[in-house]
Amino acid sequence: MKVTWITQAGLVFEADGKRIIVDPYLSDSCSKVNPKSKRRIPVDEKYLNGEYDIVIFTHDHMDHTDPETYPVILNKENHKVVLAPFSSWNIVRQLKGNNNFVMFNEGTTWTEGNLKFTAVKAEHSDREAIGVVIDDGDKIYYVTGDTLYNRKVVESAPESPDYMFIPVNGVGNNTNMTDAAKLADAIDADRVVPLHVGLFDDLRPEDFKSDRRFIMEVYKEYEL
């Protein structure tokens, strides 16, 4: 699986001939609501203008279901599968177009070729927020979405995923660095990738302390 971190909690996965984008925030829309949320890392336009087969939104917050990003990505001519919990699904499906909008609530599974996607519990201020498990038949990739440490999150998460991607900024109802490491330990993740840092704040992935830590550089493609 090829994986790229595209700032904030955005990720691009490539496997089985499919390109998948999760929670793309490729604008500066948040700064229009709160100047403190001005982005510090420029947008790489190739991700905004890229073609994707599957688009996933984990919840309805601007830096995840971005009103300046999703219309650009979803209005492309190619057919896309869009997986989103009700809060985001009810927004993005208004675009209509050549897309299959799938209401991807907790517990739902969607299979596309050899890839299986499962929506799992997230504990966040959007009560319909989800995490996403991607199974390519070889490895398990767990994107927690924005979440706090919660017993039900632990119970819903996959056991011993190969890679776990989690916010560690500790604000906005996200895990802090200590609790993110605890969650990784609780589910026995092989590697944990810290996200949601550096775009609006001075935090760095290197600040996250865990023996399981795997640091990704922004806009750099990794074979995971």
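The values are calculated or read from the model by the stated rules, or taken from the named source; none is laboratory data. All values reported here derive from a predicted model rather than from experimental measurement. As a convention, Cβ positions derive from the backbone with ideal geometry for all residues, glycine included, and neighbour counts pool all protein chains shown.
Structure summary
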| item | result |
| --- | --- |
| Extreme residue, surrounded by the most Cβ atoms within 10 Å (Cβ to Cβ), among residues of segment 10-31 that are closer than 12 Å to E68 by Cα and of a type in the set (A, V, I, L, M, F, W, C) | L26 |
| Answer from T65, T7 - the residue that is of a type outside the set (A, V, I, L, M, F, W, C), crowded, with 23+ Cβ neighbours inside 10 Å and more than 23 Å from R204 (Cβ to Cβ) | T65 |
| Output for segment 65-107, where each listed residue is assigned to a loop (DSSP other than H, G, I, E, B), under 22 Å from D135 (Cβ atoms) and touching a Leu at 6+ places or on another chain (Cβ under 8 Å) | F104 |
| Sole residue being aliphatic (A, V, I, L, M) and within 25 Å of V218 (Cα to Cα), chosen from V154, V132 | V132 |
| Which numbered condition Y47 misses (of (1) assigned to a strand (DSSP E or B); (2) closer than 17 Å to M216 by Cβ) | (1) |
| For G107: the one exception among (1) farther than 18 Å from T175 by Cα; (2) surrounded by 14 or more Cβ atoms within 10 Å (Cβ to Cβ) | (2) |
| Test: S27 is on the phi < 0 side of the Ramachandran plot and part of a helix (DSSP H, G or I) | no |
| Lone unmet requirement of (1) more than 16 Å from the chain's Cα centre (by Cα); (2) within 21 Å of G137 (Cβ to Cβ); (3) at pLDDT 95 or above for E68 | (2) |
| Residue check for S210: surrounded by 18 or more Cβ atoms within 10 Å (Cβ to Cβ), at pLDDT 95 or above and out of contact with any Pro (no Cβ under 9 Å at 6 or more places or on another chain) | no |
| Every residue from segment 118-134 that is aliphatic (A, V, I, L, M) and in a strand (DSSP E or B) | A119, V120, I130, V132, V133, I134 |
| Single condition T144 does not satisfy, out of (1) surrounded by 16 or more Cβ atoms within 10 Å (Cβ to Cβ); (2) within 13 Å of I54 (Cβ to Cβ) | (2) |
